[in-house]
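Here is the structure we will look at.
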Amino acid sequence: MALPVLEKVLGIAGPAFIRRLPKRSDWGGPGDAIDQRVANAVTEGFFKRDTSPFSLWRVTTDEELRRAALALNSTTQSRSQKVEMVAFRPEELQQVGIVAAAEQQKPGNSLCPWANRLHYDLEATRQQLEALCRLAMEAGRSAGRCTEGDMNTVLDSAKKEQCHAALDHSPGCLVEHC
Amino acid sequence: MGHAIFSNQIRQLLDAPAARIPALRAEAVERLRRARDPFRYVQTMLDRCVARRSEGGLDFAIDILSQAEDLPLEYALEFCKEDSTAWGKENTIGYRPNDDVWFVLLRSAARARANPLECLALMHTCLAAGSRGMREAVVEGLYDLRTAEAKQLLSRIAAEDTDPLIRKLADDNLHDLEALEQ
């Protein structure tokens, strides 16, 4: 199986900010009433105990997407389980007033130091998140996913690099700048 | 005492740095396996993890419970007795906290592989619920179960469910399973 490609997975070309969805239905479907869909996405995909700032990963290349996806799985029992996510364009964040500058770049909580540098903690109000989700939904954005088959391929490739997110005990990652 | 320690372990797990998570999870699994009153432990874990769903809480709960052999299915069968009385028949897409509980229970029971036939029967029962979240839990549970009967039911849902999103999820899961077999 081929390695996952950013545009195919997310439905948009990079750069994009991705957020993992606990469940794919959190993003709803195109046939759903838009107000209910936005409310569900914000309540279930962002809120609950999670309060601002919100965790997102900025990916520009296929490699960044793969490493971010593996980073998201690095603390789960099965590192090849599928990853459901939604993507936002930087200009969409800007349009609703969410600032994603260098100051918001904070290391992610994953086992991959390389991918952790792609992580941002973004401050946002519920109104801003609603506007953001509405923008993406009205642009026809679907939930993206790396399938288990995709993740198996990513994992195999990362094991050869001795990636910390892929191995329980890596003797040292071979990836440049990790 | 054991329950309080377990409860604290789950709290720590949800806030732990990545490097600590595998060890904390293994400790929680061990404590759950040894529990004299495991249902109480499961309920505590579900309460905590569902409340933190947007921070990976559902995955944490599935990872722990799926290593507890028969327990997820036994708990699910008991939980079904009380929860099924609140299931509506009408299709709804609004959030229902117990949908997340079912998402964890059905996936854990399927991954634990303790009793695939009984697990499948429970999933059939859960399909009667009107909420999208419940039927999504079934679709994901069937994906994890991976038996021929589970694939048959996925195929039926992909063709017949009244909700286009559930049909799409079932269809995607079927394709993903086929791709894994190639």
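Just checking, how many residues over region B:107-160 are β-branched (V, I, T) and over 12 Å from the mean Cα position of the chain (by Cα)?
Selection size over region B:107-160: 3.
So, in region A:29-47, of the ones that are more than 7 Å from every other protein chain (Cβ to nearest Cβ) and part of a loop (DSSP other than H, G, I, E, B), which residue ends up farthest from the chain's Cα centre (by Cα)?
A:A33
Just for region B:57-95: of the residues that are surrounded by fewer than 19 Cβ atoms within 10 Å (Cβ to Cβ) and among the small types (G, A, S), which one is nearest to B:H124 (Cα to Cα)?
B:S84
Checking A:A71 against (1) surrounded by fewer than 19 Cβ atoms within 10 Å (Cβ to Cβ); (2) within 10 Å of another protein chain (Cβ to nearest Cβ); (3) at pLDDT 95 or above, which single condition isn't satisfied?
It is condition (1) that A:A71 fails.
Hey, can you tell me all the residues within region B:10-49 that are surrounded by fewer than 16 Cβ atoms within 10 Å (Cβ to Cβ), more than 10 Å from chain A (Cβ to nearest Cβ) and basic (K, R)?
B:R11, B:R33, B:R34, B:R36, B:R40
Of everything in region A:87-130 that's acidic (D, E) and not in a helix (DSSP H, G or I), which residue is nearest to the other protein chains (Cβ to nearest Cβ)?
The qualifying residue nearest to the other protein chains (Cβ to nearest Cβ) is A:D121.
Return the pairs, sorted by first residue and then second, in which the second residue is surrounded by 22 or more Cβ atoms within 10 Å (Cβ to Cβ) and part of a helix (DSSP H, G or I), the first residue lies in region A:135-154 and is free of Cβ contacts under 8 Å to residues at least 24 places away in the same chain, the beta carbons are less than 9 Å apart, and the residues are 6+ apart or on different chains.
Within 9 Å, no pair qualifies.
Determine, yes or no, whether B:A28 is free of Cβ contacts under 8 Å to residues at least 40 places away in the same chain and among the small types (G, A, S).
yes
The values are calculated or read from the model by the stated rules, or taken from the named source; none is laboratory data. Computed from a predicted structure; not experimentally measured. Counting neighbours? That spans all protein chains shown, and the Cβs are built from the backbone with ideal geometry, glycine included.
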